[in-house]
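Peer 1: Pasting a structure here, questions to come.
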2 protein chains.
Amino acid sequence: MNDSVSRTGNVTLEEIARAAGVSPSTVSRILNGTARVSDAKQQAVEKAIAEFQYQPNVLARSLASGRTHTIGVLTQAIASPFYGEWLRGIEDTLREPGLTPLFVSSHWSPEEEAARLEQLLARRVDGVIVLHGQISEDLLVRYSARAPLVVLGRSLAPRASLACLPIDNEAGARDATEHLLGLGHRHIAFVAGPPDHGDSIERLVGYRSALADAGVAFDESLVVQADFTEAGGFRAMERLLDAAPHLTAVFCSNDQMAYGARLVLYRRGIRVPEDVSLVGFDDLPTSVYMTPPLTTVRQPTYEIGCLAARAVVQLIRGETVTMDPIPLTLEVRETTQSCAARPALDRASNTVAG
Amino acid sequence: MNDSVSRTGNVTLEEIARAAGVSPSTVSRILNGTARVSDAKQQAVEKAIAEFQYQPNVLARSLASGRTHTIGVLTQAIASPFYGEWLRGIEDTLREPGLTPLFVSSHWSPEEEAARLEQLLARRVDGVIVLHGQISEDLLVRYSARAPLVVLGRSLAPRASLACLPIDNEAGARDATEHLLGLGHRHIAFVAGPPDHGDSIERLVGYRSALADAGVAFDESLVVQADFTEAGGFRAMERLLDAAPHLTAVFCSNDQMAYGARLVLYRRGIRVPEDVSLVGFDDLPTSVYMTPPLTTVRQPTYEIGCLAARAVVQLIRGETVTMDPIPLTLEVRETTQSCAARPALDRASNTVAG
DNA sequence: TTGTAGGCGTTATCAC
DNA sequence: GTGATAACGCCTACAA
């Protein structure tokens, strides 16, 4: 019933100009600080703006200026706990230069990744940050021709409007594995992520290389594939315990899977870390509150988010950006302990009644 | 160096029209299905679009049509684990009607809430969803005149372009408290959220009313204020244990604080649930993976998100929307158990060496 | 310093 | 069916 009537807020720059007795351009200048304006007119305009509660139309502004002051951020699923700190870093850093992040999810589908990128470009975002993507490097380069682009976890050669932030997953995984080896573990299980996922692959490589360096034979039965989710970690741990009862430690290639694994161990009465040591990867904010606090490979996600945001800003300014690989650090907490003699299942039957 | 050159993707509707030998209006019609067009021209235009990889400029389109197909979503902090499922529900539901969510954070500041809302309106969003806000009802009503507005956790009278989704925090808190009372607990501590936070207040009320109904005297020393964060829950639990060692159960008014509390209990060697029962509120996705799995009041956040999204769509269509209060359900898991005789500290000193 | 005029890329209202 | 023509609300030379 109250359509054009109540949908106010449609005061335009022109009306302000009229009310203040100046030309539209003068109002625009005051709004953008584009040029000096006489005090008298300045005052008149500001008064009118306040009076009419004028809000410039962002759309019109962007259309005319060609800049939207918006940065597209592509994630697999913005609601995942995994992305929290990243987004926070991006959001915080983008605020100061007056940019608004536009978060979109591609839901683990390469096709949707491309579709979302197209959508972002159709919105004429000033730049794009791609947080993990399976999208081909070729396509990335192509997209970077349409808007400055920052990608995480790749190591493409830097270009005029493309920047990469490689993350050393392999070294992180190696550190974690070496930590367990150093504690005397020899039967270290590995819960892998999706087989076609870059991070997942690199972490597996790190695990294997640490084993190899330590002269520990790779045991196929100790590696099980999962999908980076808690439920996946749960199932993986069950399979593992059934197939490889001799394991004394488990390295999950992300924290969410470690949560799932932890639950299986609890259910079976297997103590952590007394009976089995557990290591995660990512250091999600809640991992330090696990019982006991989870030993894990820390990714400085908040800081990475900040870096990525700063990088797009630089690209937009036309600068070329080169970023050093991000080092990951092992956070030794309380789920790891030196290896006990007996394998997991023996211990379990000692510990629990049913 | 490569400015206007490489920033392609700037094919316009007009160029397509020229290439296809038709007028811009015809192209527009085909794009929007606004009217029937002869097959010949249809084909020609589609060919040109494919050839030029034409992408309509969303900005221009919105400016001309007055609709942005964008819904603003205001949260306190989009990166919080608390919002994950909400956002997912909203995102999923908005996709089908072709709407894009625009997520913004107000960082617990009422002023920023207003600022962000203004910003969303300046972007001419087609509607707004406010997930928790301390913003005054007055202001909400005012904003709803500028765009259809859906608010969670309020119970304002429904209007032409305002819908509320009340959430029965009080009943949820009462259920949880009654659960503990039913298990024989009489010294039930309560970890509250921010004192000026609506949800927080309602949950405290529920706790108190359950105690009163059961004839259990309210013990001031058992209630401690915190801030809905893990760290806050940690500190609160420490204070609690020092000040009220006779407690046998703790009800944290959100899961994040329960995580913090859990860690303190672990540190002090107090077993959960054998020595102390623990209850949370929200049922975050990871709560079921706690050790042991957390008993908590479940908010069907994903579903609420869907409801809210559906509500804005209805409002936009001009319908009036009334939503029933969301019922919360107690998820009894493994952190609660019938009350033991001895108070916490006694038990702790029995259990732990240091 | 200030105003005028044209343009940004679409949609929408007309006639034809 | 199709095509001019005028918005949409702002920016930006250009001119004064």
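Peer 1: Inspect all residues belonging to region B:77-89 and state whether any of them is in contact with a Cys (Cβ under 8 Å, 6 or more places away or on another chain) and either away from DNA strand C (no atom under 12 Å from the Cβ) or not in a helix (DSSP H, G or I) (or both). Write out each step before concluding.
Peer 2: Looking only at region B:77-89, we keep the residues that are in contact with a Cys (Cβ under 8 Å, 6 or more places away or on another chain), and these are B:89.
Checking which are either away from DNA strand C (no atom under 12 Å from the Cβ) or not in a helix (DSSP H, G or I) (or both) leaves us with B:89.
Yes, region B:77-89 contains at least one residue that is in contact with a Cys (Cβ under 8 Å, 6 or more places away or on another chain) and either away from DNA strand C (no atom under 12 Å from the Cβ) or not in a helix (DSSP H, G or I) (or both).
Peer 1: Okay, moving on. Which ranges mark the strands (runs of 3 or more DSSP E) fully within region B:225-307 that have 3 or more residues being in contact (Cβ under 8 Å) with a residue 24 or more places away in the chain and farther than 22 Å from residue B:76 by Cβ?
Peer 2: Details: elements: B:249-252, B:277-282, B:295-298.
Once the strands (runs of 3 or more DSSP E) in region B:225-307 are filtered for at least 3 residues that are in contact (Cβ under 8 Å) with a residue 24 or more places away in the chain and farther than 22 Å from residue B:76 by Cβ, what remains is B:249-252, B:277-282.
Peer 1: Quick test of your reading of the structure: residue A:278 fulfils all but one of (1) over 22 Å from residue A:253 (Cβ atoms); (2) modelled with pLDDT of 95 or more. Name the failing condition by number.
Peer 2: It fails just one condition, (1).
Peer 1: Is it the case that some residue within region B:52-63 is assigned to a helix (DSSP H, G or I), over 30 Å from residue B:118 (Cβ atoms), more than 7 Å from DNA strand C (Cβ to nearest atom) and assigned by TED's automatic domain parsing to the domain that holds residue B:13? Before the answer, list the steps.
Peer 2: As a first pass, look at region B:52-63 and keep what is assigned to a helix (DSSP H, G or I): B:52, B:58-63.
Pick out the ones that are also over 30 Å from residue B:118 (Cβ atoms) and you get B:52.
Narrowing further to those that are more than 7 Å from DNA strand C (Cβ to nearest atom): B:52.
With assigned by TED's automatic domain parsing to the domain that holds residue B:13 added as a condition, the list becomes B:52.
Yes, region B:52-63 has at least one match.
Peer 1: Moving on to the next point. For residue A:94, are the conditions met, namely being under 14 Å from residue B:105 (Cβ atoms) and more than 9 Å from chain B (Cβ to nearest Cβ)?
Peer 2: Numbers: under 14 Å from residue B:105 (Cβ atoms): yes; more than 9 Å from chain B (Cβ to nearest Cβ): yes.
The answer is yes for residue A:94.
Peer 1: Please specify each residue of region A:152-188 satisfying the condition of being within 14 Å of chain B (Cβ to nearest Cβ) and among the β-branched types (Val, Ile, Thr).
Peer 2: The first filter runs over region A:152-188 and keeps only residues within 14 Å of chain B (Cβ to nearest Cβ), leaving A:159-162.
Selection gives nothing.
Peer 1: To continue, here is another question. Looking at region B:27-48, which of the residues that are near DNA strand C (Cβ under 10 Å from one of its atoms) and in a helix (DSSP H, G or I) is farthest from the other protein chains (Cβ to nearest Cβ)? Talk me through it step by step, then tell me what you get.
Peer 2: Within region B:27-48, the first condition is being near DNA strand C (Cβ under 10 Å from one of its atoms), and the residues that meet it are B:27-32, B:34-35.
Imposing the further condition that a residue be in a helix (DSSP H, G or I) reduces the set to B:27-32.
Numbers: B:27: 16, B:28: 16, B:29: 19, B:30: 17, B:31: 12, B:32: 15 Å.
Applying the filter and picking the extreme gives B:29.
Peer 1: I've got another one for you. What is the number of the single condition among (1) at pLDDT below 95; (2) closer than 22 Å to residue A:307 by Cβ; (3) not in a helix (DSSP H, G or I) that residue A:145 does not meet?
Peer 2: (2)
Peer 1: In region B:55-79, which residue that is surrounded by fewer than 20 Cβ atoms within 10 Å (Cβ to Cβ) and more than 16 Å from DNA strand D (Cβ to nearest atom) is nearest to the other protein chains (Cβ to nearest Cβ)?
Peer 2: Per the stated criteria, the residue is B:55.
Peer 1: Continuing with the same structure: Residue by residue through region B:12-26, note down the ones that are surrounded by 14 or more Cβ atoms within 10 Å (Cβ to Cβ) and more than 8 Å from DNA strand D (Cβ to nearest atom). It would help to see each step written out before you state the result.
Peer 2: Residues of region B:12-26 that are surrounded by 14 or more Cβ atoms within 10 Å (Cβ to Cβ), as a first pass: B:12-13, B:15-20, B:22, B:24, B:26.
Hits for region B:12-26 are B:12, B:13, B:15, B:16, B:18, B:19, B:20.
Peer 1: In the same structural domain as residue A:263 (by TED's automatic domain parsing) and surrounded by fewer than 23 Cβ atoms within 10 Å (Cβ to Cβ), is that true of residue A:226?
Peer 2: Numbers: in the same structural domain as residue A:263 (by TED's automatic domain parsing): yes; surrounded by fewer than 23 Cβ atoms within 10 Å (Cβ to Cβ): no.
For residue A:226, the condition - in the same structural domain as residue A:263 (by TED's automatic domain parsing) and surrounded by fewer than 23 Cβ atoms within 10 Å (Cβ to Cβ) - is not met.
Peer 1: Also: Would region A:40-52 turn up any residue that is free of Cβ contacts under 8 Å to residues at least 12 places away in the same chain, surrounded by 18 or more Cβ atoms within 10 Å (Cβ to Cβ) and within 11 Å of DNA strand D (Cβ to nearest atom)? Write out each step before concluding.
Peer 2: First, pick out the residues of region A:40-52 that are free of Cβ contacts under 8 Å to residues at least 12 places away in the same chain: A:40, A:43, A:50.
Filter again for surrounded by 18 or more Cβ atoms within 10 Å (Cβ to Cβ), leaving none.
No, region A:40-52 contains no residue that is free of Cβ contacts under 8 Å to residues at least 12 places away in the same chain, surrounded by 18 or more Cβ atoms within 10 Å (Cβ to Cβ) and within 11 Å of DNA strand D (Cβ to nearest atom).
Peer 1: Give the number of residues within region A:102-123 that are without any contact (Cβ under 8 Å) to a residue 40 or more places away in the chain and crowded, with 20+ Cβ neighbours inside 10 Å.
Peer 2: Adding up the residues that qualify gives 6.
Peer 1: Go through region B:273-305 residue by residue and tally those that are over 25 Å from the mean Cα position of the chain (by Cα) and buried (at least 23 other Cβ atoms within 10 Å of the Cβ).
Peer 2: 2
The values are calculated or read from the model by the stated rules, or taken from the named source; none is laboratory data. If you're wondering where the values come from, they're calculated on a predicted model, not measured in any experiment. Cβ atoms come from the backbone with ideal geometry, glycine included; neighbour counts cover every protein chain shown.
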